[in-house]
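Here's the structure, in structure tokens; my notes come after.
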Amino acid sequence: QVQLVESGGGLVQPGESLRLSCAASGSIFSSNTMGWYRQAPGKERELVATITSGGTTNYAGSVKGRFTISRDNAKNTMWLQMNNLKPEDTAVYYCNLRQRRNPGAWYATVDYWGQGTQVTVSS
């Protein structure tokens, strides 16, 4: 089992910044991928950014250049620095961790999710 807890959401004006944090605990294997996903009202949950335990990052085109994802493997903590926020960034942001069900398994993976933190960008 893995537990994820997000924090750092809030209400900001367009152009301002927020920094989200995700603290992971439990049976975390050394090889894993953590990421941020978001879901706006009436929309499907979408990928924002991911980062592997090796440090490889991937960003959605809509946030590339504005958001930065980072992690500390030793502390099992992940952050999302969000700069120049726009109204369309408004959503509930979820922390995700994906890893093998067993380190020796071929590919079967399991996803863990945090409870979500609200980000609202409005003037």
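Counting heavy atoms of the protein chains alone, Arg19 has an accessible area of about 110 Å² for a 1.4 Å probe.
For the chain, averaging the sequence separation of C-alpha pairs within contact (under 8 Å, six or more residues apart) and dividing by the residue count gives a relative contact order of 35 percent. Split the accessible area of the chain by element, probe 1.4 Å, and carbon with sulfur accounts for 47%. Once both labels are positioned 7 Å from their Cα atoms along Cα-to-Cβ, the gap between Arg100 and Gln118 label points is 4.1 nm. Computed about the Cα centre, the dipole magnitude for the chain is approximately 240 debye when only Lys and Arg (+1) and Asp and Glu (-1) carry charge, each at its Cβ.
If you bin every alpha carbon distance in the chain into 10 Å steps from zero, what whole percent lands in each bin? Each 10 Å bin holds this share of Cα pairs: 14, 47, 30, 9, 1, 0. In this structure the chain gives 53 Å² per residue of accessible area when probed at 1.4 Å with all protein chains present. Model label points for Leu11 and Thr52, set 7 angstrom from Cα along the Cα-to-Cβ axis, are 4.2 nm apart.
Only protein heavy atoms count here; on that basis, with a 1.4 Å probe, Ser30 has an accessible area of about 110 Å². Here the alpha carbons of region 40-93 define both size measures, Rg and Dmax, at 12.1, 37 Å. Dipole magnitude for region 55-123: computed about the Cα centre from +1 point charges on Lys and Arg Cβ and -1 point charges on Asp and Glu Cβ, it is near 200 debye.
Once the mean of 1/r is taken over each pair of separate Cα atoms and inverted, region 1-47 shows a Kirkwood hydrodynamic radius of 13.2 Å.
The values are calculated or read from the model by the stated rules, or taken from the named source; none is laboratory data. Remember, predicted model here, so these are calculated numbers, not experimental data. Heads up, the Cβs are rebuilt from the backbone with ideal geometry, glycines too, and the neighbour counts pull from every protein chain shown. In case anyone asks, the SASA skips ligands and DNA or RNA and just uses the protein heavy atoms, side chains included. Shrake-Rupley method; radii C 1.70, N 1.55, O 1.52, S 1.80 Å.
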